[in-house]
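This report concerns only the one structure given below.
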Amino acid sequence: MIELVAVVSMIIDHVGFVFFPEMIIFQIIGRLSFPLYAYLIALGYSRTKNSIIYFFRVLVLAIVSQWFFNYLISPIKLNVCFTLSFSIISLIVFESNRINKVLKL
């Protein structure tokens, strides 16, 4: 159910950005999607058996969707899937026992 709310709010945000840029209500509804996706990434990380493969799956999604993002939204920015994929790397580093606590900070 959370996935559906996140997808619908993201679609509303993107449709509003492309077709109705002057209507702020679309952006307000769409801003709900990022915290939901961040929660789902953390949930997926906690349930996965191989976090490196999980990272690469999200990274591949980011690379594939970048073309559409460049065409429709912004030609010079990276899409949010890159942020979510690197958050998985942050979780891997944070939970690693091999890395010094000072370096984790």
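Kindly establish whether residue 30 is in contact with a Gly (Cβ under 7 Å, 6 or more places away or on another chain) and small (Gly, Ala, Ser).
Considered against the rule, which asks whether it is in contact with a Gly (Cβ under 7 Å, 6 or more places away or on another chain) and small (Gly, Ala, Ser), residue 30 comes out as yes.
What residue, among those in region 43-55 that are under 20 Å from residue 3 (Cα atoms) and hydrophobic (A, V, I, L, M, F, W, C), is least open to solvent (accessible area, probe 1.4 Å)? Filtering region 43-55 for residues that are under 20 Å from residue 3 (Cα atoms) and hydrophobic (A, V, I, L, M, F, W, C), the one least open to solvent (accessible area, probe 1.4 Å) comes out as 55.
Taking first residues from region 71-82 that are part of a helix (DSSP H, G or I) and partners that are open to solvent by 70 Å² or more (accessible area, probe 1.4 Å), the Cβ contacts under 6 Å between residues at least 6 apart in sequence or on separate chains come to 81/61.
Taking residues in region 1-25 that are at pLDDT below 90, and partners anywhere that are assigned to a helix (DSSP H, G or I), the pairs with Cβ atoms closer than 8 Å and at least 6 places apart or on different chains are 14/30; 14/72; 17/26; 17/27; 17/30; 18/72. Taking the stated definitions as given, is residue 102 at pLDDT 95 or above, open to solvent by 70 Å² or more (accessible area, probe 1.4 Å), in a helix (DSSP H, G or I) and out of contact with any helix residue (DSSP H, G or I) (no Cβ under 7 Å at 6 or more places or on another chain)? Considered against the rule, which asks whether it is at pLDDT 95 or above, open to solvent by 70 Å² or more (accessible area, probe 1.4 Å), in a helix (DSSP H, G or I) and out of contact with any helix residue (DSSP H, G or I) (no Cβ under 7 Å at 6 or more places or on another chain), residue 102 comes out as no. Taken together, the residues in region 1-59 that are under 16 Å from the mean Cα position of the chain (by Cα), outside any helix (DSSP H, G or I) and of a type outside the set (D, E, K, R) amount to 1.
The values are calculated or read from the model by the stated rules, or taken from the named source; none is laboratory data. Everything quoted here is computed from the prediction, not taken from an experiment. Cβ: placed from backbone, ideal geometry, glycine included. Neighbour counts: every protein chain shown. The protein model used for the area step is the full one, side chains on, heavy atoms only, and it has no ligands, DNA or RNA in it. Shrake-Rupley method; radii C 1.70, N 1.55, O 1.52, S 1.80 Å.
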